[in-house]
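Report on the following structure.
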Amino acid sequence: SRRDPAKDRVDSENRLLGRYPVRRLDAESLRDAILAVSGRLDDRLHGPSVAVAEDAVGLVSPPADSSRRSVYLQVRRTRPVSFLSAFDAPVMSVNCDRRTDSTSAPQSLMLMNGDFIVDHAAKIADRLHAETPDDFYDPSKPALERRIAYAWRLIYDRPISEEEMAWARAFAADQRATLDRENAKGDRDQTVLAHLCQQLLNSNEFLYVD
């Protein structure tokens, strides 16, 4: 999808397909990708659908945060799954012959504040703590840096760059300082890592097929 000035001069509207148009993951693929990087995706085939229910604030989701693929979630016209709906899952209250592709404020709010994202960012941090090899990235570096590098490998499927590591270190230091000032409870390093993972899940690199 990279732009090429020479191609843009002769095909500015990309009618000749000189580049691949950037495409966001569809709703089901996005949810499944988050489950996959957290290590929770249940990829078994077949079986009954997973029922959905409305919580106290009106959000609809599968009970107990089911890890089954999104294709197995129950589709009810009166109770569309809130996360999937925010990312343009088909609206079944009327006939739907095609999907829309929108960018809206509820999508950003869902990624920044939604329980599904926050919970799975913490689960990814737990996975990094449990799985990061001792010799990954640079054995001489602190454990947090090795886990940050492993996060890039899990979430983006590529190595972290030096510039990105510098940004991640600064982000982690700022988050840790805030938690220290607030005298936060729990494992603060793990909380910092979860906050970082949430930022990575919010990024265009994760949300879009490039």
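Extending 7 Å from the Cα toward the beta-carbon at both V57 and D180 defines two label points whose distance is 3.1 nm.
Counting only lysines at least 8 places from K123 when in the same chain, those with an alpha carbon closer than 22 Å to its own are K185. Residues whose amide H comes within less than 5 Å of that of V50, counting only those at least five positions distant or on another chain, are L73, Q74 (H built at 1.01 Å from N in the peptide plane).
Given a 1.4 Å probe and the protein chains as shown, H129 ends up with an accessible area of around 90 Å².
Does the range 1-140 come out rounded, prolate or oblate by the C-alpha gyration tensor, with a ≥ b ≥ c the root eigenvalues, rounded set by a/c under 1.5 and, if not, prolate when a/b is larger than b/c and oblate if not? Oblate is the answer for the range 1-140, as a/c is 1.5 or above yet b/c matches or exceeds a/b.
If you take the Cα centroid of the range 29-83 and the Cα centroid of the range 113-166, the two points sit 25 Å apart. Please state the shape class of the range 25-105: rounded when a/c is under 1.5, otherwise prolate if a/b exceeds b/c and oblate if not, all from the C-alpha gyration tensor. Note, shape of the range 25-105 comes out rounded. Hey, rough spin-label estimate for F171 and T100, points 7 angstrom out along Cα→Cβ, what's it come to in nanometres? Label-label distance for F171 and T100, simple model: 3.0 nm. Surface composition of the range 93-210: carbon plus sulfur atoms contribute 48% of the solvent-accessible area (1.4 Å probe, protein chains only, all chains present).
The values are calculated or read from the model by the stated rules, or taken from the named source; none is laboratory data. Keep in mind that this is a model prediction, so the values were computed, not measured. Every residue, glycine as well, gets a Cβ built from its backbone with ideal geometry; the counts of neighbours run over all protein chains shown. Just the protein is used for accessible areas: all its heavy atoms, side chains included, with ligands, DNA and RNA removed. Shrake-Rupley method; radii C 1.70, N 1.55, O 1.52, S 1.80 Å.
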